[in-house]
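S.K.: After the structure tokens below, expect a handful of questions from me.
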């Protein structure tokens with residue numbers, strides 16, 4: 001059981017969410033591209049997450065340590081073409097690197113699962129770059145299974161990465 005509270009994000013969280021996104025992305029993908037090439041400017045990240053919070057696409061929840069945002073999860077219906085209307089998707093799940101392995105990710109996954117169930121979803125998917133062993137391990141421990149025929153190339157911060165879709169029932 002996690003000791004980190006999770007709540008719906010509010011507009012004032014956008015700057016901290018953007019910082020967690022930048023720090024976590026940098027740590028997860030360090031060494032895959034020349035320094036700085038995979039980084040979105042922090043202002044663009046802040047604007048993206050501010051809009052997501054305002055418009056609820058994706059739905060966003062944050063994990064806290066005291067009043068500090070230490071992680072976030074974005075989820076909604078699947079964006080994949082041909083997916084069933086009862087398929088949800090974890091669009092993003094990021095935790096501040098100094099909190100990796102301490103339960104914040106699990107608290108965020110639990111909150112997203114509950115949110116997707118409330119939205120009427122029966123299963124969830126997520127896309128993870130194959131080079132992100134830590135995220136793949138986390139997803140598999142959370143019950144997600146790889147869909148081997150789903151591999152695709154995606155551009156993440158200007159770097160082309162192979163990613164795979166994972167899926168699990170929510171019930």
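S.K.: Among (1) modelled with pLDDT of 95 or more; (2) crowded, with 21+ Cβ neighbours inside 10 Å, where does residue 52 come up short?
M.R.: With (1) modelled with pLDDT of 95 or more; (2) crowded, with 21+ Cβ neighbours inside 10 Å applied to residue 52, the lone miss is (1).
S.K.: Can we say residue 113 is more than 18 Å from residue 30 (Cβ to Cβ) and assigned to a strand (DSSP E or B)?
M.R.: No: the conditions fail for residue 113.
S.K.: Could you please let me know if residue 108 is outside any helix (DSSP H, G or I) and buried (at least 20 other Cβ atoms within 10 Å of the Cβ)?
M.R.: On the way: outside any helix (DSSP H, G or I): no; buried (at least 20 other Cβ atoms within 10 Å of the Cβ): yes.
So residue 108 fails the test.
S.K.: Let me ask another. Working only within region 55-70, note down all residues that are farther than 26 Å from residue 119 by Cα and either at pLDDT 95 or above or assigned to a helix (DSSP H, G or I) (or both).
M.R.: Within region 55-70, 65, 68 meet the criteria.
S.K.: Looking at residue 80, is it part of a strand (DSSP E or B) and surrounded by fewer than 21 Cβ atoms within 10 Å (Cβ to Cβ)?
M.R.: Answer is no for this residue.
S.K.: Still on this structure, I have one more. Only one of 157, 171, 120, 101 is on the phi > 0 side of the Ramachandran plot, exposed (fewer than 13 other Cβ atoms within 10 Å of the Cβ) and at pLDDT below 95; which? Quick ask: steps written out before the conclusion?
M.R.: Numbers: 157 fails: exposed (fewer than 13 other Cβ atoms within 10 Å of the Cβ); 171 fails: on the phi > 0 side of the Ramachandran plot; 120 fails: at pLDDT below 95.
The unique qualifying residue is 101.
The values are calculated or read from the model by the stated rules, or taken from the named source; none is laboratory data. In this text the structure is predicted, and so the values were computed from the model without any measurement. Cβ: placed from backbone, ideal geometry, glycine included. Neighbour counts: every protein chain shown.
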